[in-house]
Every structure is written in structure tokens, then in C-alpha cells.
Amino acid sequence: MQKYVVTVIKPEGYIHSECFREIAETLQFGLRSLGHETQILDNLVDPNATNIVLGAHLLEPHEEKLLPAGSVIYNLEQLGGAPLSANYLDLAKRFQIWDYSPLNIVEWNEVGCSSPPRLVEVGYASELRRIVSRPEQDIDVLFYGSLNEHRLSLLKGLRDAGVKVHAVFGVYGRERDELIARSKVVLNLHCLETKLFEIVRVSYLLANSKAVVSEPSPDMGDYCDAVAVFPSEILVEGCLELLRNDEKRRQLERRGFEYFSRRSVAQILNRVIPVRQLIDSSAEKTKELRRLYLDMVQRCVINLIYEDPNQDHWSPHQFNSELRELGRDWPLQAHSMIGNRRMSNLRQISEFVIEHGVPGDLMETGVWRGGACIMMRAVLQAHGVNDRNVWVADSFCGLPAPKAEIAADSGDKHHTFAELAVSIEKVRSNFKKYGLLDGQVQFLQGWFSETLPHAPIEKLAVLRLDGDMYESTMDVLRNLYDKVSEGGFIIVDDFGAVQGCQTAILEFRANRKITDPIHPIDGYGVFWRKSASLQGAKA
């Protein structure tokens, strides 16, 4: 197993580096599936790892000198127009170049690189499939990106034809994903004279079964079957045809996903990073057994084993793998409703704080049947950790009714759902079923406003909030945020699902002047890492 860091270069105040985020995640998931230790860092490199740098063209000359030997420059820009900068050429002479486009490889070969540039096309990782299309899509055509004269003229033509067009610039992450979910068609329009196919943008759309309309490009290859291709002269007519014909649009969505999902990022990376055979040693065997154990616990707590049906009030009462993956259902029997993505995030963060020595216990506030806390206790057990506790905080009788004086909770109905009230005896019983009920599991029973101010907690490495409401969220932050260690993590389950929760988070961060970046997980959950002095040079 090798160690990799995917580094995203983000100059201060420059938000557009977020366009690399999904590619960074794809690389991370692909490398991990090959058995390699991988993490994503912003503006940080690790001298003890192979660093794959996205956005290296944004580096200042003095920053380039901080890149460790053996780093990889993964170019995601279109070449062939303006000449490459002297700084970027210097990087090509010092480091291995990866590029997503065969036409860009030709350009690299002409300028001369220290070693032959490698074609590393953008691939598919199932973890990036996380956008659930809205049943009612109120946007006909979505375009996100910078606007030049060419793009503006096409968008005007669509509007003149009566199409509901939505165009945004500088929108990324959860906000952009929400727009995609509301859209019937997403446009890929040329900006540069090179007119290369913007697979960096389109890949994420295809992974999420979105109908894409694109202008033709000289390097499209088989992608011309995965997207609807129209020259600019008839692009308006092509969009109108797709908007009028729902079945044709659905066929395009399916065809695009089926094509792109066959382009496994693991297989692509395997061509440039051969999988190393596991060393036949007790340490490697232990690591593999630990992974297998935690995989099984994770599948059990969210019940991917017996596929129990959904019981919420809005969706059919049957098992839906997509809803369970994203935590969008209320399982009848599973011990957690946070879904596979958020559970994976919790597991990865819990292992990270152990492996990197971030001090403190692990805690969830609002536990339902206890599944997330069971996962955290399983991580401690798998790593042989006996000096940390898992704190299980809940009323164990459901959620409180909203208070009239708290406007952000006005109209909240969580207290009316009997399904959300799970007794402490039931949660203890669930821990016991996994063999994980012991002295390292500490329960705090009662309303957060009553239990948290006096909770005997010294330090926390992981604080996971799942209180849904504004008041509950704010109670947790006011009483526990200062107990989170530097380098520790704050995970918020309901940020994208409950407006009151999101309001509390944003207000608290603003009042405390917290600028640590918020990272999306699956459209609902988010997390951030409390500022710390990390090892490695700043890129």
C-alpha cells in the first residue's frame, strides 16, 4: 500500500478551485479502492506521500519550490490556446505530468517534459453518485460557468424560445448540486478557441444520470453517444426537442450514466499506479481484517444486509438502495438512518483522528437507535483503542416541541413523529447486539440544554450533531464546540435537510468568526475540521 495526498490549490479568495473538488474525490475513491491510503488536502502537501496536485497553474513561483520530489501535476486545463506560462513549463520539467485529454498530451509532448506525460482520463467512482433529481424540475436548462459572448448568445436564444434558463457563475458544492437536481438539461458550451470537451465538468453530471447537451468537440470520442451533441446553429432546437420529449430525455440520462459508469477510475489509475501485492505480514493481515470487520458493522447498522423497507411518511414503504445510500429514508429495522455516505464519512473521520493522534473522545448528539455511535465504538474496538470514550447524548424520547420565541424552529414537526423516539434501553440493547456495550460507551440522557452544560467531557476529537432543530444544534455548539481539539472534526447531519439546523450553524460560525471550510458529504450532511497546525509545507 502506498500513501497519496490529492492536493487542491486554492489561492486566498479564489473560489473557482472548487471546480476541482469532484475530480479530487474521484481520485481519492479510486486510489482507496486500489488499497492505497489517500486523503484530500487544500494547499497542503505531505513530504512522506506522493502528492497529486490539482490546480498547479495557480501556484506562485515561491510556492512551486515547496512541492516535494515525486509529486504529480494533474493538468485539468485546456491547452493549445495561449502559450503555457514559464512557471507551468518549469513544473513540467521537474515533475510527472498527468492530463485528462489526448489533445493536451500532444501539446505537452511539443513543449518537452522531464518524463513522458501520462494520459489519465476522468473516471467513474460510485461514491460521486449523490444527486437525487427533484420530482418537479422547475429549471428547463441549467448552465454554470463563466459567461462570454458566445455562451450569452446561446442562452439568449433559448430564453427567446421560451425555455426556462438558469445560468450561474461561481456556484459549487451543495448549492450547485441543488440546481442540478432541479434541472431537466445541463449545457456544456465552449469558452475557449480550443473547444476541448469539458469532461471535468460533464463527468459529474453523467455520474448522476443528468441529461447533458453539448457543442461538438474534436476530442469527444465515444462521449458523443453519452451526451446530446448539437452544433451551436441548432443547439436551441435540440434542447427544445429534449424538453418536449420526456422519454427521449430519460433515455439520454440512462445512456450517459451507463457509458460513463463503465469507465472505472480504479482501472484508469491502475494503468499508471500498479496495485502492489499486500505484504505477507501480520500488520497487513491485521489491517485487512480490521477493514472487513468495519465493513460488516457498517452494512449492518444501515442494514444493507436484509434491505428493510422505508417507513417515513413521504416515500413508498419499500427498500430503495439509492435512498439508503444517501440517508433519505427512515429504515424500519436498521440501527441508523444516516445512510451509507454519511456513515462512511463518520468512519473515515473516526479512523483519521486515531491514526493522526487527534486527542479526545467521540460523540454524537441525537442518536436515534444508536447506529452512528455503534460505528464509532466499533472503530475504537478495531484499532485497539481503550483510552477514548464514545458519548451517546439524546433525550431518548424524541425531539422537543419548538419554542415560540425561536423563530428558526417555527413550524418544526419533528416532535410529532413517534418513529423518532427510541428509549435508552433500546439503544443499549442495540450496542449489546454488536458486543460493544462496555465502559467506553457513556450515555447522557435528557434535553441538551440540561445535560450538556455539566457533561463530564474534557476533549472531543469528533463531535457529530444530529439534533435537527435550531435550538438543539445551538445548544450543542455553545456547550461543546470549545471542547473539540484543534484538528478535530465537527460533523452536521442535517445541514442540507433542515433550515433551522443550517441557520444555527451559520450563525454560530459567523459569531465566532469560524472560517474553516465546510465540506459537503451527500447533499444533507457536512463537516469541517477545526483549525490546526498540520504537518507539511503550504503549497
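Yes/no matrix, rows are residues, columns are (1) outside the structural domain of Val441 (by TED's automatic domain parsing); (2) in contact with a helix residue (DSSP H, G or I) (Cβ under 9 Å, 6 or more places away or on another chain); (3) within 24 Å of His519 (Cα to Cα):
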residue	(1), (2), (3)
Ser350	no, yes, yes
Val353	no, no, yes
Gly366	no, yes, yes
Cys373	no, yes, yes
Gln381	no, yes, no
Ser395	no, yes, no
Pro400	no, yes, no
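Among the listed residues Val200, Val213, Val227, Val186, identify the single one that is aliphatic (A, V, I, L, M) and in contact with a Ser or Thr (Cβ under 7 Å, 6 or more places away or on another chain).
The match here is Val227.
Cβ contacts < 6 Å: first residue crowded, with 18+ Cβ neighbours inside 10 Å, restricted to region 223-242; second residue of a type in the set (Lys, Arg) and in a helix (DSSP H, G or I), any location; separation 6+ or different chain. Result?
Correct list of pairs: Leu242/Arg249.
Condition check ((1) of a type in the set (Gly, Ala, Ser); (2) under 29 Å from Gln502 (Cβ atoms)) across all residues:
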{"position": "Val385", "(1), (2)": "no, no"}
{"position": "Trp391", "(1), (2)": "no, yes"}
{"position": "Ser395", "(1), (2)": "yes, yes"}
{"position": "Pro400", "(1), (2)": "no, yes"}
{"position": "Ile406", "(1), (2)": "no, yes"}
{"position": "Asp409", "(1), (2)": "no, yes"}
{"position": "Asp412", "(1), (2)": "no, yes"}
{"position": "Glu419", "(1), (2)": "no, yes"}
{"position": "Val422", "(1), (2)": "no, yes"}
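Going through Glu458, Glu507, Glu471, Glu450 one at a time, which residue ends up being of a type in the set (Asp, Glu) and within 14 Å of Leu362 (Cα to Cα)?
Just one listed residue meets the conditions, Glu458.
A quick yes/no check of all residues on (1) under 19 Å from the mean Cα position of the chain (by Cα); (2) among the basic types (Lys, Arg); (3) under 20 Å from Val498 (Cβ atoms):
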| site | (1), (2), (3) |
| --- | --- |
| Ala283 | no, no, no |
| Arg299 | no, yes, no |
| Glu307 | no, no, no |
| Asp312 | no, no, yes |
| Ser321 | yes, no, no |
| Leu326 | yes, no, yes |
| Ser336 | no, no, yes |
| Gly339 | yes, no, yes |
| Ser344 | yes, no, no |
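Between Leu54, Leu89, Leu41, Leu31, which is surrounded by fewer than 22 Cβ atoms within 10 Å (Cβ to Cβ) and either at pLDDT below 90 or touching a Phe, Trp or Tyr at 6+ places or on another chain (Cβ under 8 Å) (or both)?
Leu89
Mind checking which helices (runs of 4 or more DSSP H) fall wholly inside region 354-462 and carry at least 1 residues that are of a type in the set (Lys, Arg), within 29 Å of the chain's Cα centre (by Cα) and modelled with pLDDT of 95 or more?
Ranges flagged: 371-382.
Residue-by-condition table, conditions (1) surrounded by fewer than 24 Cβ atoms within 10 Å (Cβ to Cβ); (2) touching a residue at least 40 places away in the same chain (Cβ under 8 Å); (3) not hydrophobic (A, V, I, L, M, F, W, C):
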site	(1), (2), (3)
Ala455	yes, yes, no
Asp468	yes, yes, yes
Leu480	yes, yes, no
Ile490	no, yes, no
Gln499	yes, yes, yes
Ala504	no, yes, no
Ala510	yes, no, no
Asp516	yes, no, yes
Arg529	yes, yes, yes
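Is there a residue in region 7-14 that is more than 27 Å from Gln348 (Cα to Cα), touching a Pro at 6+ places or on another chain (Cβ under 7 Å) and not in a helix (DSSP H, G or I)?
No: region 7-14 contains no residue that is more than 27 Å from Gln348 (Cα to Cα), touching a Pro at 6+ places or on another chain (Cβ under 7 Å) and not in a helix (DSSP H, G or I).
The values are calculated or read from the model by the stated rules, or taken from the named source; none is laboratory data. All values derive from a computational prediction rather than experimental measurement. Methodologically, a virtual Cβ is constructed for each residue, glycine included, from the backbone with ideal geometry; neighbour enumeration extends over all protein chains shown.
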